[in-house]
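Here's the structure, in structure tokens; my notes come after.
Any read-out appearing in this document is the output of simple, stated calculations on the displayed coordinates, not a laboratory observation. Fair warning: this is a prediction, and the values are worked out from it, not measured in the lab. With ideal geometry, Cβ positions are generated from the backbone for all residues, glycine too; neighbour counts draw on all protein chains shown.
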């Protein structure tokens, strides 16, 4: 595999093209990732990256990274961000704006909501195939739980549990009203 | 694997057979912990705990910072492993046209990710960061021993075992056992750290339900009793009688 040697390995990938988005919601924004599957050299480096764009009041679903730390650099706009540790404590609850860096440790739950100007960021992950697990949305953990487990766990009726499970149909980029900002 | 022996953690002069040193009581059972700061555990980079679930007890959903290996010492139960994005392949059947609107309203059709059973002698492997729950559907206490491989490459945090609860209020359980109010507000599930308004926004629910997610006034702990038993969608488990497998019934419509 001469074409696979490090001498001529592909080391560049543009993440900013809107048309390249992996997740796109016309009302909320887009999200693009690059990992060792799309840029093989990242397998050697054990790193990967993602680019997020949230429109006004758009929300990045609450989630945790299963196998990596995420270092977030805000490239434009501002957002409100909350990060929660294993004790259920908010270790970060505040605004992030252009030029700032936030570290989200592995497994810590995080959510962000863009302000009036929207928010754009790049996140650099310490695993070549960083994976997230979402708490809300169509592909979330909540969707994978039986309604009876949800109703018992949160002491709510089956109808409320059903609502909790199904009300958000988006995957990771949600439209938001801005009331929580 | 981050070998702690390289950092001088394995200069052990004696090894002891150890009992659990700490326990966390909850409504539906107890979790006993071996002190992971003991030299042997530090050297091996692991921690051990044992869960005891009463019949009809549900261990609330949670995930850990390291991969875990579970051994079922006694009893039987069911468990679910939720990997974000995996399909919900266990589902109620579609409604037929004959069903009235009223019937449809009354009978909620659920769908969720795969559920599996486990019983005495089973080993269950759960990847780091994968959310899971377990339920004792047997008639005796369910006892499982759990190994957390804290120095596994999949864990990029430090070597301390960490459990991220997605429901419940573990500290309340601990208070009941220890009779102390210290640390009352220190532990909670991950939703506790999020703002209530943010939760209403991301889940599309009212404030009351969002507060329920946080479980602030939940005194049941991390293992809870399901009063009327847990009803989930799962296939019938084949029974063996005198070495002969019972036949499953099949039925369906014409094309």
Fewest first, what order do B:142, A:47 take by the number of other Cβ atoms within 10 Å? A:47, B:142
Work out the FRET efficiency for residue A:101 and residue A:138 from their Cβ-Cβ distance, taking R0 = 30 Å, and round it to the nearest 0.05. 0.45
Relative to the compact globular guide of 2.2 N^0.38 Å, what is the alpha carbon radius of gyration of the range A:108-181, as a ratio? 1.33
Residue separation between residue A:169 and residue A:129 times 0.36 nm, minus their alpha-carbon distance, gives in nm 11.9 nm
Calculated FRET value between residue A:37 and residue A:7, using beta carbons and R₀ = 22 Å, to 0.05: 0.50
Calculated P(r) tail over 32 Å for the protein assembly as shown, as whole % of Cα pairs: 43
What translational diffusion coefficient, in µm²/s and rounded to a whole number, does the Stokes-Einstein relation yield for the range B:17-78 at 20 °C and a viscosity of 1.002 mPa s, taking the hydrodynamic radius as the Kirkwood radius over Cα pairs? 162
In Å, the Kirkwood hydrodynamic radius of the range A:1-71 over pairs of distinct alpha carbons? 14.0
Neighbouring Cβ atoms within 10 Å as the yardstick, rank A:76, A:143 fewest first. A:76, A:143
Surface/4 of the Cα convex hull for the range B:9-167, nm²: 12.1
How many partner chain Cβ atoms sit within 10 Å of a residue's Cβ in peptide B:76-85, on average, as a whole number? 5
Across the residues of A:126-133, average count of Cβ atoms on other protein chains within 10 Å? 3
Would you calculate, for the protein assembly as shown, the mean residue ellipticity at 222 nm contributed by helices, counting each DSSP H stretch of 4 or more residues as -39,500 (n - 2.57) and dividing by all residues, to the nearest 500? -3500 deg cm²/dmol
Averaged over the residues of A:157-169, the number of partner chain Cβ atoms within 10 Å of each residue's own Cβ comes to 4
With no solvent and one point per C-alpha, what does the Debye sum give as log10 I(q)/I(0) for chain A at q = 0.19 Å⁻¹? -1.32
With a 10 Å Cβ neighbour count serving as the proxy for reagent exposure, in which order, fewest first, do A:7, B:10 appear? A:7, B:10
